[in-house]
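Presented below is the structure to which this report refers.
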Amino acid sequence: MEYGFVDCHCHISAREFEEDLEVVIHRTTEAGVKTLIAVTEEVGEFDRVLQLQDSYPDLVAPCFGIHPLQHSGGAEQRSVRPPIGLDFTPWCAPTQQDRDDQMTVFVKQLNIAKELELPVNIHSRSAAKVTIQTMTEQGVKHALLHNFAGKPSTALDAVKAGYLFSFPPAVCRNQQRDKLIRQIPLEHICLETDSPALGLDKHVRNEPSNIALSCRYIAHVKGLSPQTVQLVTAQNAYRLFPKAKRC
Ligand SMILES: [Zn+2]
């Protein structure tokens, strides 16, 4: 396979990987993963991602951003203040102020990306329509919508805008995303794991070596071979993230 897999959205800098990172990286490369787009959620993680890029320059490509939900000390999450992405899940962003704050930070990050001519890696939950609307209004051209779970009609607006979608192994848990996967052209689909979250089993740490599960599932739903899905999704990923391509 020419390209191998590209994990377009993972959190390899997460605490969950601190203890056995080398083993995880070994399994990642053994599984044929060529590139990890290492997404941050908080400013405190930026240095760690840069260190990881230093340690694994052929594998790790940093992707800096601030998640719309932030940990407030403990395990509890709240909206980022003043707030890449929008997460309007009612129990996470209960007030209009929360949603406004997220929007402020979202637009700010979109503008930074435009200024630096960089693609954006978007988290959107319970906010698909407004996310895509905001992005098109802001003139965003290069974007990945990670773990998208909006309506197929909303997804088609994003396809028209030229945006891409990535799906983690969690899509194999049930058939909820099948319609969406069938509707989105393969040229707009990438693979991701969102490790350590969104694995096949909710209670087990996910890792990038599981990316083949997403590939096989998308292939099955679309009636294509896993090889085709692997090749086309990798081409899509490097088209969107050209700086991540090492060879
Ligand atoms: Zn994520």
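Looking at the stretch 115-219, which GluC sites (Glu not before Pro) are DSSP coil and have at most 13 other C-beta atoms within 10 Å of their C-beta? For GluC sites (Glu not before Pro) across the stretch 115-219 that sit outside H, G, I, E and B with at most 13 neighbouring Cβ atoms in 10 Å, the list reads 117. The alpha-carbon of residue 179 sits under 18 angstrom from the alpha-carbons of these lysines, leaving out residues fewer than 8 places away in its chain: 129, 151, 160, 222. Sort out for me the Cα centre separation of the stretch 183-247 from the stretch 104-148, rounded to whole Å. Taking the Cα centre of each part, the stretch 183-247 and the stretch 104-148 sit 20 Å apart. When DSSP assigns beta bridges and you keep just the ones with both residues in the chain, what percent turn out antiparallel, to the nearest 5? Here the share of antiparallel DSSP bridges comes out near 10 percent.
Count Lys and Arg as plus one, Asp and Glu as minus one, and take only other residues whose Cβ is under 10 Å from that of residue 127; the net charge is then +2.
Give the Kirkwood hydrodynamic radius (Å, one decimal) of the chain, defined as one over the mean of 1/r across all pairs of different Cα atoms. Its Kirkwood hydrodynamic radius stands at 18.0 Å. Neighbours of residue 221, meaning other residues whose beta-carbon lies under 11 angstrom from its beta-carbon, give a summed charge of +4 when Lys and Arg score +1 and Asp and Glu score -1. Annotation for the stretch 162-247: trypsin sites (Lys or Arg not before Pro) lying in DSSP loop with at most 15 further Cβ atoms inside 10 Å of their Cβ are 202, 205, 245, 246.
Each value in this text was obtained by applying a stated rule to the coordinates, not by laboratory testing. On a predicted model such as this, the values are computed, not experimentally measured, just so you know. Here Cβ is always computed from backbone atoms with ideal geometry, including for glycine, and neighbour counts include all displayed protein chains.
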